[in-house]
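Everything below concerns the one structure shown next.
The values are calculated or read from the model by the stated rules, or taken from the named source; none is laboratory data. Worth saying up front: this structure is predicted, and the values here are computed from it rather than measured. Heads up, the Cβs are rebuilt from the backbone with ideal geometry, glycines too, and the neighbour counts pull from every protein chain shown.
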Amino acid sequence: MIAYVNGIIEDIAEDNVVLDVGGIGYNVRISADTAARLPGVGEQIRLYTYTCVKEDAFLLYGFLSRNDLAMFKQCITVNGIGPKGALAILSVMDADSLRFAIMSGDTKAISKAPGIGARTAQRLILELKDKISIDDTLISKEIAATASGRVSADSIQKKEAVEALVSLGYGQAESLKAVNAIKGIEEMDSGAILKAALKKMF
């Protein structure tokens with residue numbers, strides 16, 4: 001219903017921000033992670049929003065990037081996880097960390113969110129694992145951070161290394177985990193990344 005709101009920050013709480021939009025104050029629900037990344041009071045920002053309409057409430061959930069909003073929308077498709085639960089999960093990890101946790105089956109990381117138990121975390125992984133791609137996990141941050149939309153060279157090299165590992169028979173999650181664990185990856189080409197990742201596999 002409302003794709004985004006541009007406004008001046010009037011007040012920030014751990015789970016809520018008040019935005020002045022043309023003289024009207026909008027309460028927007030946010031995650032703790034989003035709250036920590038907001039500029040100060042008096043600054044202008046854009047929040048990409050999800051509108052939740054109930055019989056007794058009209059709620060806006062806001063995110064600093066379309067990437068975070070997309071992950072939020074995926075979470076609320078899971079049975080038993082509503083907007084409040086999805087926001088709780090995105091308060092303890094960002095969208096990319098959550099994608100990685102889903103791909104690697106890390107229920108422990110997901111269940112750190114308040115109100116999210118191990119069983120709910122398992123359901124989230126089961127229902128979303130096939131909907132998460134390597135591209136989303138590896139390069140979404142770089143795309144969001146680059147105004148031109150061009151992906152950085154090291155992101156492409158990481159992607160190529162992961163794809164090479166998958167072609168060798170390794171799983172997506174373990175390939176991604178091995179590549180992400182490499183130190184000094186910014187100085188390496190895809191071949192060097194692949195060799196370093198293979199060493200971590202053994």
Review point. Is it true that Ala121 is within 24 Å of Tyr4 (Cα to Cα), modelled with pLDDT of 85 or more and surrounded by 18 or more Cβ atoms within 10 Å (Cβ to Cβ)?
Key: no
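Between Arg29, Arg66, Arg46, Arg37, which is closer than 18 Å to Gly82 by Cβ and basic (Lys, Arg)?
Selected residue: Arg29, the only one of Arg29, Arg66, Arg46, Arg37 that is closer than 18 Å to Gly82 by Cβ and basic (Lys, Arg).
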Practice item. Enumerate the pairs (first residue in the stretch 77-98 and not assigned by TED's automatic domain parsing to the domain that holds Val53 and among the polar types (S, T, N, Q); second residue anywhere and surrounded by 18 or more Cβ atoms within 10 Å (Cβ to Cβ) and in a loop (DSSP other than H, G, I, E, B)) with beta-carbon separation below 8 Å, excluding pairs fewer than 6 apart on the same chain, so at least 6 apart or on different chains. Key: Ser91/Ser31; Ser91/Ala113
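Restricting attention to the stretch 151-200, report how many residues are among the aliphatic types (A, V, I, L, M) and modelled with pLDDT under 80. Spell out the reasoning first.
Residues of the stretch 151-200 among the aliphatic types (A, V, I, L, M): 151, 153, 156, 161-162, 164-166, 168, 173, 176, 178-179, 181-182, 185, 188, 192-194, 196-198.
With the extra rule that they be modelled with pLDDT under 80, the set shrinks to 151, 153, 156, 173, 176, 181, 185.
Within the stretch 151-200, residues that are among the aliphatic types (A, V, I, L, M) and modelled with pLDDT under 80 number 7.
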Review point. How many of the residues in the stretch 46-59 are surrounded by fewer than 19 Cβ atoms within 10 Å (Cβ to Cβ) and either under 15 Å from the mean Cα position of the chain (by Cα) or touching a residue at least 12 places away in the same chain (Cβ under 8 Å) (or both)?
Key: 5
Exercise for review: For the stretch 58-66, indicate whether the set of residues that are farther than 20 Å from Met1 by Cβ and in a helix (DSSP H, G or I) is non-empty.
Suggested key: no
**Study point:** Boolean, Lys129 is within 30 Å of Pro83 (Cβ to Cβ), modelled with pLDDT of 80 or more and assigned to a loop (DSSP other than H, G, I, E, B)
**Key:** no
Review point. If you go through the stretch 33-45, how many residues are farther than 13 Å from Glu10 by Cα and surrounded by 16 or more Cβ atoms within 10 Å (Cβ to Cβ)?
Key: 2
Review point. When you go through (1) surrounded by fewer than 21 Cβ atoms within 10 Å (Cβ to Cβ); (2) in a strand (DSSP E or B); (3) aliphatic (A, V, I, L, M) one by one for Ala88, which number turns out not to apply?
Key: (2)
Review point. How many residues are in a strand (DSSP E or B) and either surrounded by 16 or more Cβ atoms within 10 Å (Cβ to Cβ) or modelled with pLDDT under 90 (or both) when one looks only at the stretch 1-26?
Key: 8
**Study point:** Cβ pairs under 8 Å, 6+ apart, first in the stretch 173-184 and assigned by TED's automatic domain parsing to the domain that holds Asp106, second in a loop (DSSP other than H, G, I, E, B)
**Key:** none
**Study point:** Complete set of residues in the stretch 165-184 that are surrounded by fewer than 18 Cβ atoms within 10 Å (Cβ to Cβ) and either in a helix (DSSP H, G or I) or at positive phi (or both)
**Key:** Val166, Ser167, Gly169, Glu174, Asn180, Gly184
